[in-house]
1. May I ask you to evaluate 6.51 cos²θ - 1.76 cosθ + 1.60, the Karplus curve with θ = phi - 60°, for each residue of region A:46-58 and list the ³J(HN,Hα) values in order in whole Hz, giving x for glycine and proline?
2. Shortest first, in nm, what separates the label point of A:ALA73 from those of the same position in the other copies (7 Å along Cα→Cβ)?
3. Placing a label point 7 Å from Cα toward Cβ, how far apart in nm is B:LEU106 from its equivalents in the other copies, listed shortest first to one decimal?
4. Give me, ordered by chain and number, the residues 5 or more places off A:SER42 or on other chains with an amide H under 5 Å from its own placed amide H.
5. Beyond 21 Å between alpha-carbons counts as too far, so tell me which of A:LYS92/B:LYS34; A:LYS92/B:LYS51; A:LYS59/B:LYS51 fall in that bin.
6. Which three extents, in whole angstrom, do the alpha-carbon atoms of region A:15-114 cover along their principal axes, largest first?
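Please treat every number below as a calculation from the coordinates, not as lab data. Note that the coordinates shown come from a computational prediction; the quantities given were computed from them, not determined experimentally. All Cβ positions, glycine included, derive from the backbone under ideal geometry; neighbour counts span all protein chains shown.
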2 protein chains.
Amino acid sequence: MSQKHRSARPVDRHSRAPVFAALGDDTRLALVAKLCGRRPYSISQLTRGSKLTRQAITKHLRVLESAGIVHSARAGRESRFEFDPQPIAGIKEYLDFVSEQWDQALSRLKSFVEN
Amino acid sequence: MSQKHRSARPVDRHSRAPVFAALGDDTRLALVAKLCGRRPYSISQLTRGSKLTRQAITKHLRVLESAGIVHSARAGRESRFEFDPQPIAGIKEYLDFVSEQWDQALSRLKSFVEN
DNA sequence: TTAATATGCAACCTAGAGGTTGCATAAAAT
DNA sequence: ATTTTATGCAACCTCTAGGTTGCATATTAA
């Protein structure tokens, strides 16, 4: 809650594995691709066009929800799932950190070789 | 092999799940964090400081290697693992695509509400 | 030549992922 | 009042991820 700005360093690196894990499945990547493009989808809508069972899709959605990548809200007899960009923004920060570290390592190596 | 430049669209979206999956584990995230900061590490070096067995660490390294995130090369009696930034650059592209889709969805919604 | 290191490989174990079927129930449509 | 439609929940199944122990073997160091 403190130090709001420039939280780019992976202080909460430990909490990112679940987000990566949630994206580590083709079915879920497809769901994310759908959900990030349009407004809320119901489970049935997300199931249409998939070879999987509604229950299987539901399980995948729960995984994404646990990682915070999507949120659900009941509306009448259907429950709508909506994309949330925050967790993905979070892991992007982490990946940037990794890339940066790597670049610095290369720089150090280069200047070492040159001297 | 064709269309080299601007391959930012997730044409090979299907092949990215393994990379995400490889990063979906705290132990492996820690290994990546180590490996991206310095040059090659041997398995024993990577094992020191971990509560896990050398064999367990080895398995994790093989997972990372299968995803292309690290490469290994035998050097005498030890095998050195080195970071490779490409797969991570690839999933960053994918995440950018997702974020962009979401922003566009928001824009469409906004202009729809305003009209 | 011996002892110490660094790995590889295989067998084994447990918990959880990913799917399915079946049944119950709330809401919406006829 | 009935019949669809959309979900939730639970039981069950198979396969694999993540770990461990034990043993064999190639390299180095003493």
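1. Residue by residue, region A:46-58 yields 5, 6, 4, x, 9, 7, 8, 6, 4, 5, 5, 4, 4 Hz.
2. Shortest to longest, the spacings are 5.5 nm.
3. With the label placed 7 Å along Cα→Cβ, B:LEU106 yields 3.1 nm.
4. A:PHE81
5. Numbers: A:LYS92/B:LYS34 18 Å; A:LYS92/B:LYS51 28 Å; A:LYS59/B:LYS51 32 Å.
Pairs exceeding 21 Å: A:LYS92/B:LYS51; A:LYS59/B:LYS51.
6. 67, 24, 22
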